[in-house]
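A.B. asks: Dumping the structure here so I can ask a few things about it.
The values are calculated or read from the model by the stated rules, or taken from the named source; none is laboratory data. Because the structure is predicted, anything quoted here is derived from the model rather than measured. Positions of Cβ are generated from backbone atoms using ideal geometry, with glycine treated the same way; all protein chains shown enter the neighbour counts.
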């Protein structure tokens, strides 16, 4: 008779997670086993995952742009597609760096609707000596106190400041007209579509982090309406959106006097609309 080999702890947990509908069950099992200090802790973590809690909330972190971003329970989990927003922001920052101008102050970067601060933290890391050698002045803002506390964990060690309040309201007044780059991952899911989202998002992440209003564009309209007051001439606002909404997002930015173009990554399934405040005489 063939000898039946007992399943390893990893195989057992993988099967359990797969039965619960976890697409990347094998990878998740490995992460949970590595994170658990005791068998009892592993069982508790596995139970929470099977019940639908996001893996990142269980682990307390998410991988984003090669960084380990702290993510507290109840805070929006950064998506891999948002790495495209960071790439586009880094490209603009690199272009700014290459323009001659000795003695220019560090560019001001604002991560609006920052959530965990993942975008700001990634940009601060990229701007450092290991990559662009371009010091930045980083500000992040979010209306959710839990997100603000989480963002401070991620951003403060990198020299950034995090402000609590609605969109531009909590930003220091001295930043008006000085912002080189606004990076915005505001909610853009239409209200009626929230119920079709995966359970771990619609149940375990704040609705305010997902719901963009009737057409998904309400917060984008508010961002666009205020952008010109904060951007330096030649500055940009980058807004993550969906492919089906991109033309409308671009139209909103143009309606507020910004030049707009749609950027797309098929690899990440990501869409970003870039708006530029063209200097006077630059058209």
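A.B. asks: Kindly indicate whether any position in region 95-112 is surrounded by 22 or more Cβ atoms within 10 Å (Cβ to Cβ) and part of a loop (DSSP other than H, G, I, E, B).
C.D. replies: Taking every residue of region 95-112 in turn, none turns out to be surrounded by 22 or more Cβ atoms within 10 Å (Cβ to Cβ) and part of a loop (DSSP other than H, G, I, E, B).
A.B. asks: Looking at 149, 141, 118, can you tell me which residue is within 28 Å of residue 211 (Cα to Cα), modelled with pLDDT of 95 or more and surrounded by fewer than 24 Cβ atoms within 10 Å (Cβ to Cβ)?
C.D. replies: 149
A.B. asks: If you don't mind, there's one more thing I want to ask. Residues of region 244-265 being in contact with a strand residue (DSSP E or B) (Cβ under 6 Å, 6 or more places away or on another chain) and part of a helix (DSSP H, G or I), which ones?
C.D. replies: Listed by number, the residues that qualify are 246, 249, 250, 253, 254.
A.B. asks: Now a separate question. For residue 162, work out the one condition from (1) assigned to a helix (DSSP H, G or I); (2) over 17 Å from residue 85 (Cα atoms); (3) at pLDDT 95 or above it doesn't fulfil.
C.D. replies: Among (1) assigned to a helix (DSSP H, G or I); (2) over 17 Å from residue 85 (Cα atoms); (3) at pLDDT 95 or above, residue 162 violates only (1).
A.B. asks: All but one of (1) part of a helix (DSSP H, G or I); (2) touching a residue at least 24 places away in the same chain (Cβ under 8 Å); (3) in contact with a strand residue (DSSP E or B) (Cβ under 9 Å, 6 or more places away or on another chain) hold for residue 156; state the number of the condition that does not hold.
C.D. replies: (2)
A.B. asks: Specify the residue that is surrounded by the fewest Cβ atoms within 10 Å (Cβ to Cβ); the eligible residues are those in region 266-283 that are at pLDDT 95 or above and out of contact with any strand residue (DSSP E or B) (no Cβ under 9 Å at 6 or more places or on another chain).
C.D. replies: Looking at residues that are at pLDDT 95 or above and out of contact with any strand residue (DSSP E or B) (no Cβ under 9 Å at 6 or more places or on another chain), I get 266.
A.B. asks: Please pick out the residue among 171, 182, 123 that is part of a loop (DSSP other than H, G, I, E, B) and touching a strand residue (DSSP E or B) at 6+ places or on another chain (Cβ under 9 Å).
C.D. replies: 171
A.B. asks: Looking at 86, 75, which one is surrounded by 23 or more Cβ atoms within 10 Å (Cβ to Cβ), in contact (Cβ under 8 Å) with a residue 12 or more places away in the chain and not in a helix (DSSP H, G or I)?
C.D. replies: The match here is 75.
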